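This report concerns only the one structure given below.
The values are calculated or read from the model by the stated rules, or taken from the named source; none is laboratory data. The structure presented is a predicted model; accordingly, all values stated were derived computationally and were not measured. Cβ placement follows ideal geometry from the backbone for every residue including glycine, while neighbour counts extend to all protein chains displayed.
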Amino acid sequence: MIECDALTKNYGATVAVSELSCTIEPGRVTGFLGPNGSGKSTTMRMILGLDRPGRGTVLIGGRPYRTLREPLRTVGALLDARRVHPDRRARDHLTMLALSNAIPSARVAEVLAVVGLGSVARQRVRGFSLGMLQRLGIAAAILGDPAVLLLDEPTNGLDTEGIRWLRGFLRGQAGQGRTVLLSSHVMSEMELVADHLLVIGGGRLLADEPMPAFIARSTAGAVRVRSDDNAALARAFARAGVGADRIEPDAEHRLVIRDVPAARVGAIAAEAGVIVSELTEQRASLEDVYTDLVTPHGRHRHRVAGEVA
């Protein structure tokens, strides 16, 4: 697991990360969310020993990253897929990484096949699309068959097929007991793949909880109901104490009822003798809840002195 204890990092007077404590556990995909400039990249760099914290500690399997003799065998990371020498062939790039970490050279062909780059192994990286570079970066991350994976925006440049492949791949890695930390702004994908969420804003941890619990924070859910007599149904809700401010029609001639459980909506309709042909409960999405939580901490608000831009 990854253990962060009171991680703090300042750049001069700018607070990048402040007193961040969390445990990223194996066997699940942990999504790492936050607005631009919230401290996500700085946190990941501190986990990987690329930045030193001003205060606090971060351990991977009980050890600092810098003490790992063959780090690719313990931690695989993708922070920027474009940071590859353009004149290097895909196979040679991975071979150099393998040699530096005492990884058998046969592993290079294996991971290229896993990420779908086996047919271009001898091509120079300068001709790769962004999606191909992302796949190469993922190949480098899994080269040492590590117990921990850290991926920053890995879906950038991937087509639909690639995104679906990555989703299944990450779920499979977590299912094998690995620790997976995934940073992304693609909320729809995060909602599909992540089991647990860490949300950061203004350098501070705002949420650390399972995905279902995080989404359940919202009270923005609604019930959409279609009936043979919307006017009669609206009057029934009024008699039941449901204010007009919680009822509105939609473009498909349904009534949208807010802050009333679906079972209660159905019961009110039944008591009024109104025939209901549709009763749909709609819950808030990850994007809805996330936006409500982080908006006060986003980069476009007025900032207090010393906070990250």
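Tabulated data for the structure shown
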item: Residue within region 65-75 that is of a type in the set (A, V, I, L, M), in a loop (DSSP other than H, G, I, E, B) and within 24 Å of the chain's Cα centre (by Cα) present; result: no
item: Residue count, region 68-105 (criterion: of a type in the set (Asp, Glu) and either buried (at least 20 other Cβ atoms within 10 Å of the Cβ) or more than 21 Å from LEU150 (Cα to Cα) (or both)); result: 2
item: Residue that is surrounded by the fewest Cβ atoms within 10 Å (Cβ to Cβ), among those in region 221-245 that are out of contact with any helix residue (DSSP H, G or I) (no Cβ under 7 Å at 6 or more places or on another chain) and under 30 Å from LEU286 (Cβ atoms); result: ASP245
item: Residue in region 215-225 that is of a type in the set (D, E, K, R) and at pLDDT below 90 present; result: yes
item: Complete set of residues in region 154-201 that are over 20 Å from ALA113 (Cα atoms) and β-branched (Val, Ile, Thr); result: THR179, VAL180, VAL186, VAL193, VAL199, ILE200
item: Total residues in region 131-161, condition over 17 Å from the mean Cα position of the chain (by Cα) and either assigned to a helix (DSSP H, G or I) or modelled with pLDDT of 95 or more (or both); result: 17
item: Pairs, first in the same structural domain as ALA98 (by TED's automatic domain parsing) in region 111-125, second part of a loop (DSSP other than H, G, I, E, B) and surrounded by 15 or more Cβ atoms within 10 Å (Cβ to Cβ), C-beta under 8 Å, six or more apart; result: VAL111/LEU143; LEU112/ALA121; VAL120/PHE128; ARG124/ARG88; VAL125/VAL84; VAL125/ARG88
item: Test for LEU198: is it in contact with a Phe, Trp or Tyr (Cβ under 7 Å, 6 or more places away or on another chain) and either of a type in the set (Gly, Ala, Ser) or within 27 Å of ARG82 (Cβ to Cβ) (or both); result: yes
